[in-house]
Amino acid sequence: MKKKKIYHVIEVSQKMIKTFPKQGHENVAFNASFYRNGKKLNSIEQATIANFSELVRSYDKSENPDKVRVEFKDLETGSLIWSKTFQWTDADEDIPKSLSSYSGLGEAEVNDLVQRKFSEMERSRELERMSAELQKLQAINEDLEFQVQDMQNTIEAKKQVEYYSNIIGMALPGLAKFFNDTPVGAAMNFLAGTDEEKAKGIEESKGEPKDTQRETILEMITSFIQSMNNQELGTMYLMLSEIEKDRGTMQRILHFITQPQANTNTTSA
């Protein structure tokens with residue numbers, strides 16, 4: 001492992017040496033100080049950079065250091081150009097050899113990373129926008145569904161009212177008892193299937209066809225229903241709802257509303 005470390009020192013330093021002429025430094029010397037356990041060992045002073053690799057390897061073998069400090073100076077100006085301390089325990093020195101030549105990202109790589117990061121941010125913002133739009137559309141859809149259901153309920157209620165309005169003229173034949181000895185009472189008894197003789201007499205006396213008589217009866221009952229106030233009409237609607245469930249309810253209602261009248265007649269007699 002130590003051998004690889006000293007090679008790393010040489011490799012990094014040689015790369016820097018190649019940059020010196022480009023920086024305008026033609027006459028350069030180097031110093032190398034070797035340490036072990038914090039104690040300074042022998043060092044190289046003011047050596048020519050042409051002998052850098054050979055001298056560093058030799059001193060590494062003789063001194064067995066765990067740290068090396070390298071300095072490069074311009075001999076003409078005496079200025080320090082570059083220096084670096086290499087320590088075997090440094091995390092930077094533990095990188096695999098296959099990565100030792102890594103020199104950082106180029107402009108194209110950096111631009112690509114920036115573009116990808118920007119694209120990710122754009123996608124994230126677009127996703128948030130679409131999520132908010134979806135929630136808004138879901139709320140609108142729920143509101144529309146409620147409106148549709150409300151309209152359907154209203155239409156259904158209207159149909160029910162129209163239906164009961166159509167059958168109301170035939171639903172309560174017992175009402176004829178309240179119109180005894182009148183054409184209306186006779187007509188109602190005819191629809192209820194009672195007092196057939198009177199109904200026949202009405203038909204014969206008027207000489208109207210049966211279908212025409214039916215229409216006349218319906219018109220009479222419709223007129224009677226239209227004369228009701230809202231409370232009476234609501235009560236009638238509830239009664240018709242029960243009758244629709246069981247047609248036998250009509251006869252029970254008829255029996256209920258005619259019984260007291262029968263008792264009254266008996267008492268009078």
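Against the conditions (1) open to solvent by 70 Å² or more (accessible area, probe 1.4 Å); (2) at pLDDT 85 or above, Ala139 satisfies every one except (1).
Within region 65-82, track down each residue that is free of Cβ contacts under 8 Å to residues at least 60 places away in the same chain and open to solvent by 30 Å² or more (accessible area, probe 1.4 Å).
Going residue by residue through region 65-82, those that are free of Cβ contacts under 8 Å to residues at least 60 places away in the same chain are 65-67, 69, 71-80.
Passing the criteria: Asp66, Lys67, Arg69, Glu71, Lys73, Leu75, Glu76, Thr77, Gly78, Ser79, Leu80.
Each row is one residue, and each column tells you yes or no for (1) over 30 Å from Leu240 (Cα atoms); (2) at pLDDT 75 or above; (3) in contact with a helix residue (DSSP H, G or I) (Cβ under 8 Å, 6 or more places away or on another chain); (4) in a loop (DSSP other than H, G, I, E, B).
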residue	(1), (2), (3), (4)
Ser62	yes, yes, no, no
Val68	yes, yes, yes, no
Ser98	yes, no, no, no
Val114	yes, yes, no, no
Leu144	yes, yes, no, no
Gln147	no, yes, no, no
Asn153	no, yes, no, no
Tyr164	no, no, yes, no
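One residue is enough: does region 3-13 have a residue meeting the conditions more than 60 Å from the chain's Cα centre (by Cα) and polar (S, T, N, Q)?
In the first step, residues of region 3-13 are kept if they are more than 60 Å from the chain's Cα centre (by Cα); the result is 3, 6, 10.
Right, trim to polar (S, T, N, Q) and you get none.
No - not one qualifying residue is present in region 3-13.
Within region 16-30, the set of residues being open to solvent by 60 Å² or more (accessible area, probe 1.4 Å), over 12 Å from Phe72 (Cβ atoms) and not in a helix (DSSP H, G or I) comprises Glu26 only.
Considering each residue of region 32-53 in turn, none proves to be in a loop (DSSP other than H, G, I, E, B) and under 14 Å from Tyr7 (Cα atoms).
Looking at Ser33, Ser13, Ser53, just one residue is out of contact with any helix residue (DSSP H, G or I) (no Cβ under 8 Å at 6 or more places or on another chain) and open to solvent by less than 70 Å² (accessible area, probe 1.4 Å), and that residue is Ser33.
Can Arg252 be described as modelled with pLDDT of 85 or more, outside any helix (DSSP H, G or I) and open to solvent by 70 Å² or more (accessible area, probe 1.4 Å)? Let's see the steps before the verdict.
Values: modelled with pLDDT of 85 or more: yes; outside any helix (DSSP H, G or I): no; open to solvent by 70 Å² or more (accessible area, probe 1.4 Å): yes.
In short, no.
The values are calculated or read from the model by the stated rules, or taken from the named source; none is laboratory data. Everything quoted here is computed from the prediction, not taken from an experiment. Every residue, glycine among them, receives a Cβ derived from its backbone with ideal geometry; neighbour counts consider all protein chains shown. Only protein heavy atoms, including side chains, enter the accessible area calculation; ligands, DNA and RNA are left aside. Shrake-Rupley method; radii C 1.70, N 1.55, O 1.52, S 1.80 Å.
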